[in-house]
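The values are calculated or read from the model by the stated rules, or taken from the named source; none is laboratory data. In this text the structure is predicted, and so the values were computed from the model without any measurement. Every residue, glycine as well, gets a Cβ built from its backbone with ideal geometry; the counts of neighbours run over all protein chains shown. Note: areas computed on protein heavy atoms with side chains; ligands, DNA, RNA excluded. Shrake-Rupley method; radii C 1.70, N 1.55, O 1.52, S 1.80 Å.
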Amino acid sequence: MTSRATSDQHLRDLARLRRVRDRIDREYAQPLDVAALARGAHMSAGHLSREFRRAYGESPYSYLMTRRVERAMALLRRGDLSVTEVCFAVGCSSLGTFSTRFTELVGMPPSAYRRQATRAAVDLPACVAKQVTRPVRNREATVSGVHLA
């Protein structure tokens, strides 16, 4: 294969990866798995996972869970839904998995975040609260001033 053909293939793969990422952003609340995303992109699950990680720095599943946690944070700030209702509203089917991933990204459990966010975000416009409280990816949340690796 020539370098031109390799370059063309790489560009086609990047376009497919962008479509996968856009699909995750749109359909985060739907039941999505890597195999279904790969079928939609006409790639094998392994190839999709490797290329997605190379392009975006995290696996498709990690990206999906980050989107779900971001949406969950917004719903928890509203304060009108329970943690369980938020868990299912963002597409998670396991409260335990949701709570674990939420805690990894945000640095506190969803119930604690809900209590803190409803008090803290009262005076902030929603657009500012969303930006300030955006979750950190790849287990980079700090807990008590300690940086998790």
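Listed values, structure above:
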item	result
Charge sum, other residues only, whose C-beta stays under 13 Å from Gln30's C-beta, Lys/Arg counted +1 and Asp/Glu -1	+2
Semi-axis lengths, Å, segment 32-85, gyration tensor of Cα atoms, sqrt of 5 times eigenvalues	29, 12, 7
Gyration tensor (alpha-carbon) shape descriptor, segment 1-77, a/c threshold 1.5	prolate
Separation between Cα centres of segment 52-120 and segment 14-35, rounded to whole Å	17 Å
Solvent-accessible area per residue for segment 1-79 (1.4 angstrom probe, square angstrom)	56 Å²
Hz values of 3J(HN,Hα) by residue in segment 76-91 - Karplus curve (6.51, -1.76, 1.60), Gly and Pro given as x	5, 5, 4, x, 9, 10, 6, 4, 5, 4, 5, 3, 6, 5, 8, x
Peptides ranked, highest mean first, by Cβ atoms within 10 Å: ranges 43-52, 18-27, 102-111, 3-12	102-111, 43-52, 18-27, 3-12
